[in-house]
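Visitor: One structure, as structure tokens, below. Some questions next.
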Amino acid sequence: MDAKLLSDAVSPLLEWYRIYKRDLPWRHGRTPYTALVAELMLQQTRVEAVKERYVRFLASFPTPEALAAASEEEVLKAWEGLGYYSRARHLHAAAKVIAEQGFPTTFEGVRALPGVGDYTAGAVCSIALGLPAPAVDGNVLRVLTRLYADPSNIDDGATKAKFAALLKAVYPPETADFCEALMELGAIVCVPNGAPACGGCPWQKVCRAHLAGREEHFPVRSEKRARKVVNATVCVLRCGAKYALEKRPAKGLLAGLWQFPFFEGEAPALGRVLAEKHAKHIFTHVEWRMTGRLVEAESELAPYTWVTARELRETYALPSAFRAFTEWVR
Ligand code: SF4
């Protein structure tokens, strides 16, 4: 592959980044720990959704030691609304390792932390440890396959490996800015879903896809698998001033998290139905089509855990899939 195209593109990218980068909370006062928190929060989650929660999370757990000392329930509560809760559990486990052994100083060490894959390890190493470790995700692959007008399938591991090697060969000493500049270009200029804003791109004079007017032909991907649709009934079950909660199974979607009584298909009769509404929630591979019911129960039925509205708000982390029904909790 022609490494010169990318190595010549590094300086214009860094210049562009220094002028146009967004002011994001995790770009201030960064440490390896805060970089790890930010990268895990940002996986599959929009920047706008992360901003405020990142600040709150670090206010609660400013150091790995503080996070390591927290209970799982407290950590999940602080993660509420971000989804993909296994990330929170991994971060908690990673904090325990870091609190004991210190923050790793090599790529392999960071990669060995719980929940950290190649991408996150690369990002944390580049951003916070000054190491030239490429962080290649879908955004970076989109930008690079456009720059090269490369028709390789980006869902193929070999494509990722090829671009990771290419990036490693051109990494400048400003590892943090370079890593973030690539992400930033993918986030605000060379965007997915629709036309990229090539007029504001530092690579518009060299980008092969743009020069050929074929930006939207890249990246090339495999066809997406259709999502499985699950019809379910969610009961906001009330008895006096208390509401019923149950824990999801320890494995699978939203593993071990609290929820309102949830039934695939129809729910059994649990009491008097006061209101009903419909909502859906889309996960990566599954779509829930939910019928929500506010139900008045005659007694605090087993096997549920009964909590007050205040306890529900302050102590129990409820996945955002159920947000449509929390307005019934007063
Ligand atoms: Fe993406 Fe357009 Fe820039 Fe090429 S010129 S990298 S297609 S924004």
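All of the numbers you see were taken from the coordinates with simple rules; none came from a lab. Remember, predicted model here, so these are calculated numbers, not experimental data. Cβ atoms come from the backbone with ideal geometry, glycine included; neighbour counts cover every protein chain shown.
Visitor: On the principal axes of its Cα set, how long, how wide and how thick is segment 59-166? Give whole Å, largest value first.
Guide: 48, 31, 21
Visitor: Could you tell me what a quarter of the Cα convex hull surface of segment 120-249 works out to, in nm² with one decimal place? Mind showing how you got there, number by number?
Guide: Details: hull surface 52.2 nm².
For the Cα atoms of segment 120-249, the hull's average projected area reads 13.0 nm².
Visitor: Taking 0.36 nm per intervening residue step and subtracting the Cα-Cα distance, what contour gain separates LYS205 from ILE188 on full extension? Mind showing how you got there, number by number?
Guide: Working: separation 17, 0.36 × 17 = 6.12 nm, distance 1.82 nm.
Gain on stretching LYS205 to ILE188: 4.3 nm.
Visitor: Please build a GNM for the chain, connecting alpha carbons under 10 Å apart, and tell me which residue among SER222, SER126, SER86 fluctuates the most.
Guide: Between SER222, SER126, SER86, it is SER222 that shows the largest mean-square fluctuation.
Visitor: Once the chain is represented by equal point scatterers at the alpha-carbon sites, with solvent omitted, what log10 I(q)/I(0) does the Debye formula produce at q = 0.07 Å⁻¹?
Guide: Relative scattering, expressed as log10 I(q)/I(0), comes to -0.37.
Visitor: Calculate log10 I(q)/I(0) of segment 10-107 for q = 0.15 Å⁻¹, where I(q) comes from the Debye formula with a single equal point scatterer on each Cα and nothing for solvent.
Guide: Rounded to two decimals, the profile gives -0.63.
Visitor: Further question on the same structure: Between ALA195 and THR315, with labels modelled 7 Å along Cα→Cβ, what's the label distance in nm to one decimal, could you check?
Guide: Distance between the two pseudo-spin positions: 5.6 nm.
Visitor: Using the Cα centre of the chain as origin and beta-carbon charges of +1 (Lys, Arg) and -1 (Asp, Glu), tell me which of THR45, VAL143, ALA226 is placed farthest towards the positive end of the dipole.
Guide: The listed residue farthest towards the positive side: ALA226.
Visitor: For ALA165 and GLU74, FRET efficiency with R0 = 56 Å and r from the beta-carbon atoms, rounded to 0.05? Can you show the working numbers first?
Guide: Details: r = 42 Å, r/R0 = 0.74.
Between GLU74 and ALA165 the formula returns 0.85.
Visitor: Could you tell me how many degrees, from 0 to 90 and to the nearest 10, lie between the Cα long axis of helix 47-60 and the main elongation axis, the longest principal axis, of the Cα atoms of the chain?
Guide: Once rounded, one gets 70 degrees.
Visitor: Moving on. Rounded if a/c is under 1.5, else prolate if a/b beats b/c, else oblate: with a ≥ b ≥ c from the C-alpha gyration tensor eigenvalues square-rooted, which is segment 50-114?
Guide: Verdict is prolate for segment 50-114.
Visitor: Taking a virtual spin label 7 Å from the Cα of GLU296 along the C-beta vector, which residues in segment 271-286 bring their backbone nitrogen under 16 Å of it?
Guide: Only 271-276 fall inside the zone, counting backbone N under 16 Å.
Visitor: What is the antiparallel percent of DSSP beta bridges lying wholly in the chain, to the nearest 5? Let's see the in-between values first.
Guide: Numbers: 21 of 33 bridges.
Bridges in the chain are about 65 percent antiparallel.
Visitor: Turning to a different aspect of this structure: Give me the percent relative contact order of segment 1-149, please, defined on Cα pairs under 8 angstrom at least 6 residues apart.
Guide: Working: 123 pairs, mean separation 28.7, N = 149.
Relative contact order for segment 1-149 comes out at 19 percent.
Visitor: Right, another one. Over every pair of different alpha-carbon atoms in segment 1-53, take the mean of 1/r and invert it; report that Kirkwood radius in Å.
Guide: On the way: mean 1/r = 0.0752 Å⁻¹.
Answer for segment 1-53: a Kirkwood hydrodynamic radius of 13.3 Å.
Visitor: Stokes-Einstein D for segment 193-276 at 10 °C, 1.306 mPa s, Kirkwood Rh over Cα pairs, in µm²/s?
Guide: Working: Rh = 18.2 Å.
Answer, rounded: 87 µm²/s.
Visitor: Write down the radius of gyration of segment 171-327 and its Dmax, each obtained from C-alpha positions, in Å.
Guide: Cα radius of gyration and Dmax of segment 171-327 are 23.6, 71 Å respectively.
Visitor: Which value, in Å³ per residue, describes the convex hull spanned by the Cα atoms of segment 164-211?
Guide: On the way: hull volume 4.8 nm³, N = 48.
Each residue corresponds to 99 Å³ of Cα convex hull volume.
Visitor: I've got another one for you. In percent, what relative contact order does segment 194-321 have, based on Cα pairs under 8 Å that are 6 or more apart in sequence?
Guide: On the way: 205 pairs, mean separation 36.0, N = 128.
Across segment 194-321, relative contact order equals 28 percent.
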